[in-house]
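Scroll down for the structure; my scribbles are underneath it.
What follows draws every value from the coordinates through simple rules; no lab data is involved. These figures come from a predicted structure and were not determined experimentally. Here Cβ is always computed from backbone atoms with ideal geometry, including for glycine, and neighbour counts include all displayed protein chains.
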Amino acid sequence: MWELHPSALGLNDGPFAIVGHSCALYPRLPGRDSDRGTPQSLSAVDTCSWDAEGRPPGSLQLGAQDRGPSCTPVQRALLALTPTLEKLQEVKGRVLEALEQGLSQRSGGRSTMRMLPTFICSTPDGTESGDVLVAELCQSHVRVLWVTLTGDGNQSPQLMYHVFEMPEDIPQGSGEALFDFIAQCVKSFLEEIGNPQHRLPLGFIFPFSCRQTGLDKAELISWSKGFRCTDVEGKDVVQLLQAAISKQELCHVDVVALLNDTVGTMMTCSTREKPCEIALVVDSGTNCCFMAESHLLEMAEVTSGRMCINSEWGCLGDDGALDDMLTPYDHRVDQESSNPGERRFEKLVGSLYLGEIVRHAILMLASEQALFIGKNISILATKAVLTTQQVLEIMDNEDGMAKAQGILEALGLQPSERDCCRVQQLCRAVVSRAAAFSATGLAAVLSHMCRSRQLERLVVNVGVDGGLYHTSTRFGEILRSVVGLLAPECAANLMPSADVSGLGAAMVTAVALRMVAQRNKVERLLAPLRLSRADLQRVQALMRQEMERGLDRERNAESSLRMLPTYVCHTPDGTERGKFLALDLGGTNFRVLVVHVAEDNIDIINEIYVIPTAIMQGTGEALFNHIMECIMDFQMKQGLMGEVLPLGFTFSFPCQQLGLDKAVLLNWTKGFSASGCVGQDVVQMLREAAQRKQHMALKVVAVVNDTVGTMMACGYHDPKCEIGLIVGTGTNTCYMEERAKVGTMDGDEGRMCINMEWGAFGDNGCLDDFFTSFDRLVDEKSINAGKQKFEKLISGMYLGEIVRQILLALVEEQVLFCGKSSHKLQNKDIFQTKFLSTIETPGLALVQVQGILSNLELDASYEDSALVREVCQTVSLRAAHLCAAGMAAVVEKMRESRGLEQLTVTVGVDGTLYKMHPHFSQNLQQMLQELAPRCNVTFLQSEDGSGKGAALVAAVACRGDDPSSPQ
Ligand code: 0WK
Ligand code: BGC
């Protein structure tokens, strides 16, 4: 005897209750439990019509195994048509696997779920406006619509349409005939509404699987649902339709978007308030689309945001994955179909097939003398004698039996009441199974979205369309309940799509137009920041020219590159020894270090001190007093007050080096502007500050630029390190140049490290062609306008500002934040460069980008966040490529100066932007390889900063070696 499983009571208020030990799903009998409150007890059910096993009519038996001979053929048929919940769980797992395989390139498209990109990356936001035409190809007709969108949230778009019945031979005729017919429908419709002559965008709903390479480029992969027009598969159907439309002399009609019917449904159900992100069509065929995370779509270029994916799940099972779910009736339907072996899932769900499945079930049961005993059943061998519409009528709780009687009699089958009851059970089983399978597919999509969005719980609107859903309440009930069972972590709000997908198509077309218009504006604004290979080669050549000039005694003044000799003529050789103090000023942090250089390692203790902006932009005296206070604080803490240690001073600003411990500041950069320093020897200023502090324990032996310190620090570990690069708050490079090439210094033996001060590259105007309006704005608002031009295109102090200027321009153009900025975004430097690194972090969900933007009081939609990410990517990529062009000039110069065919060299690199940005270093290195293929360049990140380098230079100085003498 069956008993009620405890969880059955109140499990769900769907049409099921859980009974028996293997989760049989019994439909609740209508009217018996209208209060829907209490689950009905079995005893209350009128059992008069229960089967021999005492199970109520129309029940779906799940899990009950075939009890062999005692099981009647009808029960066996019903059992076979009733998948268990466990089985559905399994199928859900297979759908998830096929789905994720389909998203990844690695499957090489072998997944039965094709997961086709639709290039729809946004849902309607209510600003869509204008007149739009829609042509919708349906199973037996073409519908042409005229939609006027008002752009005021589009709650009430004006819509008029006409349905044109399709001649029966069209679906099996030539492709040309099909598209000519559609174009003629468009023409007659336009004539009917007074032949408007203004440009008309047309959206084309084409419910077949297409490989899209754009909204208006779609190649038909394969026909289905009985269509098999010739000369269309493998062709771009947008072009075919546009050609047919031109043949009708409708030259003012442009096909701007093609979309699958599921996409139309999703758009129809979507509003700005309630975006709909999944759509399910259960009609003659079945399919599902959903908004997938773009970063998972290996087949689409987009890396961020979401894109609507047309799953084409109809082909599930074409690889045999559903074979254990298929009944003999399903195999018969497939063999008789126009595409045997294909679209197995569709043939379990689509209304084109349900009538056929029932027909074959009846036919087989009749041949087993379990139905229509002794009756002439030859009619049942005729294809399509039982339509799905009739199946749905027979299922009806009220007059289903009467309908069954009428339909079966009309077929000459003289059915008994028992026959009618059995046929009704079969109809219910087939439709319930279709609903259960649709629910299983939908549950897989829901769980995938929940997982890919890293959510605990997914709450989402699902647009549902199709005759099966609209006409069978049972279908909807089963769909909702089984989804709840198979994807409990998701709350799916099923929204029946009111007007099929016509309005949706108009929305898509309008969204397409909006997206195209927005895209054009974005492209126009970002184009100057996208540097071509030729642009970068030009920058490389300009950098080389400026280097040559900078090294030339005569032309040095013309060059924007000062090419400053540093008095460092060789990199460490490992023999350096001793204990040193070191200072590191000029980066994000001011650091005081004690560096102990021993035979087998270097010990460093350091402390970070802040340089307040007031000190950075106050007096030089105050600045150096502050530096002295930090040194003394450090010496105090480290118990070094009594020790007079040689000090290496990393001073990361342009200085004319007059000796290893003598450097005259040429100008401030990076937000520093302390007065009374430019033109002064910064070592002297430090010594004077020490005197002011009566601090006699200061012995500055070397002052180096942070690029030199970084080169030395890395050179200690890699003798091939002969270049130092900083990409941090500022940017700069130094490298070991042949003394003979340094025209600004005497002597031509050996090498000399040259501090290029490439941050100033372009200050003479040679880079102005590459300066965009955004860069000019950033420069004008900086405290050193006209200076450090190259730095202002590359370094951390400025990238955030460039992005902010671009965002403001995009807001101005109404393509971002719906044209509404925030007070905060008006503030200079509010968009920090570290935001770029965060926003561009691979796999960072766009919701997190929205989080960053909401901290700036920006109400960002999903698309807004994707656009902000694209702007960040564009700005940081340009910076990395410009850096690569500069570095290519340096390594090529070194290679030629040394008369080498191939140069192998290491670049010691430091700086927050280089180290923290997720793509900067890779983009830099990749472009450098392309621009300087004859140089094999390794980048070695400096671990302890340039303070160590300064200590090593101090060590060399203390060894009594004259570092300015060639070895
Ligand atoms: C760390 C080095 C320092 C240099 C800085 C640049 O030790 O000398 O100035 O990197 O990077 P930033 O701190 O400006 O990002
Ligand atoms: C300075 C350079 C320094 C670079 C990196 C630039 O602003 O002019 O001297 O090397 O920033 O910190």
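Here the peptides 308-315, 618-625 are ranked by packing, the mean other Cβ count within 10 Å, and the order with the highest first is 308-315, 618-625.
Based on DSSP H segments of at least four residues, each scored -39500 (n - 2.57), the chain has a per-residue ellipticity at 222 nm of -12000 deg cm²/dmol. Residues whose amide H lies under 5 Å from that of Glu737, counting only those 5 or more places away or on a different chain, are Met752, Cys753, Ile754; hydrogens are built 1.01 Å from N in the peptide plane. Packing, taken as the mean count of other beta carbons within 10 Å per residue, orders the peptides 751-761, 453-463, 76-86 from highest to lowest as 751-761, 76-86, 453-463. Spatially, segment 432-474 and segment 87-104 are offset by 14 Å when compared through their Cα centroids. For segment 150-298, DSSP calls about 60 percent of its internal beta bridges antiparallel.
With the simple spin-label model, which puts each label point 7 Å out from Cα in the Cβ direction, the Gln545 to Thr841 separation comes to 4.3 nm.
One Cα centroid belongs to segment 664-680, the other to segment 267-293; the line between them spans 61 Å. The orientation-averaged projected area of the convex hull spanned by the Cα atoms of segment 665-745 comes to 7.6 nm². Straight-distance candidates among the aspartates and glutamates for linking to Lys781, with alpha-carbon spacing under 19 Å and chain neighbours fewer than 8 residues away dropped: Asp763, Asp768, Glu791, Glu801, Asp829.
Over the Cα atoms of segment 567-704, the radius of gyration divided by the Kirkwood radius equals 0.95; this is the Rg/Rh ratio.
Between segment 872-924 and segment 820-842, how far is it from one alpha carbon centroid to the other, in angstrom? Cα centres, segment 872-924 to segment 820-842: 26 Å. If one computes P(r) from the Cα atoms of the chain, what percent of pairs lie at distances over 50 Å? Within the chain, distances greater than 50 Å cover 42 percent of Cα pairs. Bridging of Lys187 to aspartates and glutamates at a Cα separation below 19 Å is possible for Asp131, Glu136, Glu165, Glu176, Glu249, Asp254, once same-chain residues fewer than 8 apart are set aside. Of all DSSP beta bridges confined to the chain, the antiparallel ones make up roughly 60%. Note on Lys720: aspartates and glutamates with a C-alpha under 12 Å away, same-chain residues under 8 apart excluded, are Asp573.
The Cβ shell under 10 Å around Leu371 holds other residues with a net charge of +1, Lys and Arg each +1, Asp and Glu each -1. Over all other residues within a Cβ to Cβ distance under 10 Å of Arg199, the charged ones net out to -2, with Lys and Arg as +1 and Asp and Glu as -1. For Asp261, the shell of other residues with beta-carbons less than 10 Å away shows a net charge of -3, using +1 for Lys and Arg and -1 for Asp and Glu.
Here segment 567-704 carries DSSP beta bridges of which approximately 65% are antiparallel, counting only pairs with both residues inside.
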